[in-house]
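Accompanying notes for the structure given below.
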Amino acid sequence: MTSLSKPLLTLLASSASVSMLTILWATSWTTSTIARPIEEIHILQNQPEASHSSNRESEAERLFQQGEADYQIGAYQDSRQHWTQAAAIYYEVGNYARLATTFNRIAASLQASEHYPMALEYYQQGFVTAQHVDDLQESVTALDGVGTIHTLQHQYEEAQDALELSLAISRSLGAQEMEAQTLLILGSVYSDRGHYDQAIELYQQSLDIVQSIGEVSESSVEPQALTLLGAAFGDKGDYDKAMSYYERGLSLWEPAQKKRVLYPLQRTLDQAIESEFDAVLERSLDRVFESADDYSGEFDADVANSLIKLLEQGLALYEAAGVEDTFSEVRTKSIKHNREGDEESQSLTTTVSKLSVIEPLFRLYWEMEEFDQALAFLSRDSAIRENETATNFLLLDMQEIEIAQLLSSFSSYELNAPITALVEKQLDGKDLETAAELSLLNILRRKGRTLEGLIRHSQQYLFQENLETRELVVELVEKNTLLSNLYFDSASDPASDDYVDREKALTARISEIREALQAASAGPELEDFLSESAVEELALNSTGAVGRLIPENAALIELVTYLPYRPFEAFDGLTDSRYAAYVLTKSGDIQTVDLGETETINQLVSRYRSALKNRAANINEISRQLDEAIMAPIRPLIGDKTHLLISPDDQLNVIPFDALVDEQNKYLIESFQISYLASGRDLITFEANSAVSNFRQQPPVIIANPDYSVAEGAVDAVASSSDDNRRAIATNSLRFSALPGTATEAAAIATLLPDATLLTEAEATESSLKQVDSPSILHIATHGFFLPDTVSAASKNSRGASFSLIDTDTDAADSLESDLLPVEAATEEALLRSGLALAGVNERRSGGDRIIEDGIFTALEAANLDLQGTQLVVLSACETGVGTISDEDGVYGLRRAFAIAGAESQLMSLWQVDDRGTSELMSLFYENLTQKRQGRSEALRNAQIEMLNTGTYQHPYYWSSFILSGNWQPLAIGDELEPSQ
């Protein structure tokens, strides 16, 4: 049994505040219950000495100070190591005073690391050791630590016992600052239990003590007391007093410590916001059930103004704390009480960020219809999130980008609020201009952002030159190949344990390689990649940065889905989504129009796609209906512009706008040149690439007419579906038949690209394709496929197409959903469901050295190609432009994969195409591109118009399947594109 020292017993005997039970509790700490600290220093004593210094205490002091330095920078494990070594020496030489201090410091380090049971043992040993040498000051430090640890573990009775004993010692010694510090800890015990009045009383006593000392103290007790008083009054709901104490506390903290006020401050603000916003929504719900015609919440202007005042005071404190706009930290605290004082466990998470204040200020001002203030806060909110997003692109690895979509920093209200205000004409004058700029800016920031991040990371790996990193890149490519091969392995059953185990092993190794590549990326080159200027380059701060790059004769059309914004209505966010269009020209003018409900327009899209794919006789009627919905409202905003730069959204990503029919019964292709972009932000990328696009460029490569070695009776693609597992698609049943038209196509193109490498028949292997290195043009003419839930058989005379003529008034209307692409999170599985067929595919052997390729070249594998400097990829195959639709990020399939690989532009198909018609279209396209030196989309348009004017191919099924996505401008061509004489 530990005995209290004689001086301590003498002091306690005269103290009425400490009970005999408390004294007995303190003496109950026996050597056996707190043996760990002594055992650890004994272990150190039995090891060889680290130093042969004659002055062992000097060595111990050096180790102690090193531990302090480690602790100050948050290196808690290192601090414990140095302090434990010092403790061993103090124990050896018999300096128990310093040993007690060292035990307390080790405990503090363990406490900071949240190792509470071990911290408690070290504080208790610190108390026992301090008693041994009658060191009452270290006894108080140890008891305060014991009380803090018990509080953190919700052991409030034990905490109070330790702290009351500590107070008695401090008061008996007349150590006022020590007493004041202990009062703060004891107040926290009451605060954690929800007894705020008792906590406030103790905090005030502490504050009175330090203020009565009458001289400037170097301790932090006074700002601590003021901050804790602010928190306690905030918890009580007395926000005026809370803010007053926070302001006083902030003024006294040292600059580096000022942010300590922000955690309780944010909790107070969150509580105020939650209580008032919940009240508004509750009134809104009451009105819903009282009147079905009007469910708008009765927003109390007085309450709103009071909350605005509070939040603006809070924002001013953030500013005074000196933190950056982008400062954000998360603190989670476990508590064990409720408002009534009953004990229950829960976690309290506080996100400390200016956004936590700015966002509700925007919402409140918006509801008050003070739009100038609302838009100012929304603009600031959006700028902060844009900087965060740009930084995230540079810091997260490729896998994290795919999973997180890097849109976690983007909130829906940033987009929905200004669009709603514009289309519903809630604004006028300067507010209207501000909302138009802000909403379009957020659209440009949001769309296609994940793709941009993936492209940057693909480029980042090119910086690596050491052998180990190159080997990792090679292994990553090989593992992706093995994953693709497994997916299409005819001998594997996706439901078998062996298949699942192999898949898990491959995906786990792919993750490990990516993590290793991320770690290996550190270095001078990566520092440039992650520099402040790189973040600024990636961040978009005005629509003018895009507008200045729009040609004089062109208009950028940004199509976007949005939800009408109703910040304080009970069912905000549950309304149907809608399409809107924004039009931007070089002059900087921004115009917008609402197009209607997404579901209604998507039904028209489905009917339109079905009619095109099946050569419907009434295609013009159906085209006209869709044009009336999406383009007729936009045309008045275009003026005399003849070149449309269209950035689609949702299902509009997979329709040819060229084949829509206007009021004059003309196809749009007859009036406009149409180019497709992932986002208007692409224009900035085109400009940046223009100076370096030819740096690594090699001669063109043409791959066509592969020898598939088709077995007799095989069909192009046969697959089954599963209701509950998309991987159960019978991918191992894919078989492909010859496409003789691709041989004619390749021969015609080769005459226009005389220096091109031509790979046909047995040479057109997957292995050969993977070896291409930045060709100026990559042309692939073969079968393509996209596997949604189901895949149907196709004719032998197409690259997947049917020649039957149907009446879509009956057939297409019966299956609207079948022609809408799946909308889901972008994953690697989606990249496995689209691809190209190459030589040897029917035998699942298509070249390869270390790994035998299977001849199915998936989008996942395409993303690993090195196409930096490639100006044009042409996939003359079926369905190469479709895939899974990912929210705000376009089509997730071959189109995305070749962009990730570095290609500036892609010419791809939207449905299963005719073999002979495609060959004719490609010949015309390349003739325009090379001999007439037309721009990429211009060359396609003129080829399509020529086919439209023929009798054989005038149905848009033939000529409108292909769209050009990306840079529409003329190729930066050299001698390799000169046609042979």
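Summing +1 for each Lys or Arg and -1 for each Asp or Glu, what net charge is found among the other residues whose Cβ lies under 12 Å from the Cβ of residue 968? For residues surrounding residue 968, the net value is -1. Please go through the residue pairs 354/447; 241/309; 479/770; 586/932; 258/354 and name each one whose alpha carbons sit more than 21 Å apart in this structure. 354/447; 586/932, as the Cα separations exceed 21 Å there. The residues of region 41-174 have, on average, 42 Å² of accessible surface per residue, using a 1.4 Å probe with all protein chains present. Rolling a 1.4 Å probe over the protein heavy atoms leaves residue 372 with an accessible area of roughly 90 Å².
Near residue 129, once Lys and Arg are set to +1 and Asp and Glu to -1 for all other residues with Cβ below 13 Å from its Cβ, the sum equals -2. Rounded to the nearest 0.05, the FRET efficiency derived from the C-beta distance between residue 468 and residue 92 at R0 = 56 Å is 0.75. Among the protein heavy atoms, those of residue 252 account for about 80 Å² of accessible surface (1.4 Å probe, every chain in place).
Rolling a 1.4 Å probe over the protein heavy atoms leaves residue 178 with an accessible area of roughly 40 Å². Neighbours of residue 744 by Cβ distance under 12 Å: Lys/Arg scored +1, Asp/Glu scored -1, total -2.
The values are calculated or read from the model by the stated rules, or taken from the named source; none is laboratory data. Please read all numbers here as calculations on a predicted model, not as lab measurements. Positions of Cβ are backbone-derived with ideal geometry, glycine not excepted, and every protein chain shown enters the neighbour counts. We work out accessible area using only protein heavy atoms, side chains counted, and drop any ligands, DNA or RNA first. Shrake-Rupley method; radii C 1.70, N 1.55, O 1.52, S 1.80 Å.
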